[in-house]
Amino acid sequence: SEFSALSASLRQLPIMAASIVASILAGRIMGRGRSAVAVLVGGGILTAVGMTFTGVSASSPNGLLFSLALIVAFFGCGVMTVPQSQMFVQEAPEDSYGPVTSSRIYVGQLAYAIGLAGGAAIANSVTVSLVISNEASSDADATTEVGKFLTKAATSIARLPEYYTQGFSAAMYAMAALVTICTVIIVALGRSAAERSGEHAASVAAAANSSGPANTQPA
């Protein structure tokens, strides 16, 4: 189906609202003492699950399922933004506070570019491959037909919407896998950081205990 610019914008409002609500909830959870790593992991899981179900529901005639899957994915993204922002502020050295905190914009734009360009590349590649294999088409002809489809020009392949939907689903699965890998890395780094923090706290406490009696002078 085709939508006007206004209609497409209105349909995105629930997704944007989900991101805003997620950010507020994540902030409140962290304000109650929950670790940033735990919130990041939770957001990563929600994002990966949402992307996976977005791919699954892409071919479903029920648009509500597709919308709900997108809402879950964007809710997870909203959850992840809060601890990410906190980490940029907390981990920045005093002499490099400005550059480190400003780099968050770069990280966000890079992730956006990778998601948009990478997703489009995967969807396009899978679509072209399906046209070649199912329509006995050459690589050049398949690329041309897909290009026509994307620019809303007339195409001779009736099943192109079906092929592109499969390509879109493949892109969602790939992005879900990437988010899952990043979440696993966050868990590993979080555990390592927690262990180092515990060891540091123990060493400081031991040093304080050992130096206490020595520094005590009789009156």
| query | Relative to the longest principal Cα axis of the chain, at what angle does helix 160-214 sit, 0 to 90 degrees, rounded to 10? | reply | 0 degrees
| remark: In terms of the charge dipole of the chain, which places +1 on Lys and Arg and -1 on Asp and Glu at the beta carbon, the residue among Gly78, Ser138, Tyr97 farthest towards the positive end is Gly78
| task | Quickly rank 66-74, 128-136, 105-113, 183-191 as a protection proxy: mean count of other C-beta atoms within 10 Å, highest first. | result | 66-74, 128-136, 183-191, 105-113
| the chain - accessible surface per residue (Å², probe 1.4 Å) | 63 Å²
| task | Rank Met87, Met51, Met172 by mean-square fluctuation in a GNM of the chain with C-alpha springs under 10 angstrom and give only the top-ranked residue. | result | Met87
| About the Cα centre, charge dipole magnitude for the chain (Lys/Arg +1, Asp/Glu -1 at Cβ), debye | 580 debye
| message | If you roll a 1.4 angstrom probe over the protein chains with everything in place, what fraction of the accessible area of the chain belongs to carbon and sulfur, to the nearest %? | response | 66 percent
| task | Per DSSP H run of at least 4 residues, take -39500 (n - 2.57); add these up for the chain, divide by its residues and hand me the 222 nm value, nearest 500 deg cm²/dmol. | result | -30500 deg cm²/dmol
| request: Would you mind counting up the charge near Leu130? Only other residues with Cβ under 13 Å from its Cβ, with Lys and Arg at +1 and Asp and Glu at -1. | output: -3
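The values are calculated or read from the model by the stated rules, or taken from the named source; none is laboratory data. The shown structure was predicted, so the numbers you read here are calculated from the model rather than taken from an experiment. Glycine gets a Cβ as well: all are built from the backbone with ideal geometry, and neighbour counts include every protein chain shown. The area values use the complete protein model at the heavy-atom level, side chains included, leaving out ligands, DNA and RNA. Shrake-Rupley method; radii C 1.70, N 1.55, O 1.52, S 1.80 Å.
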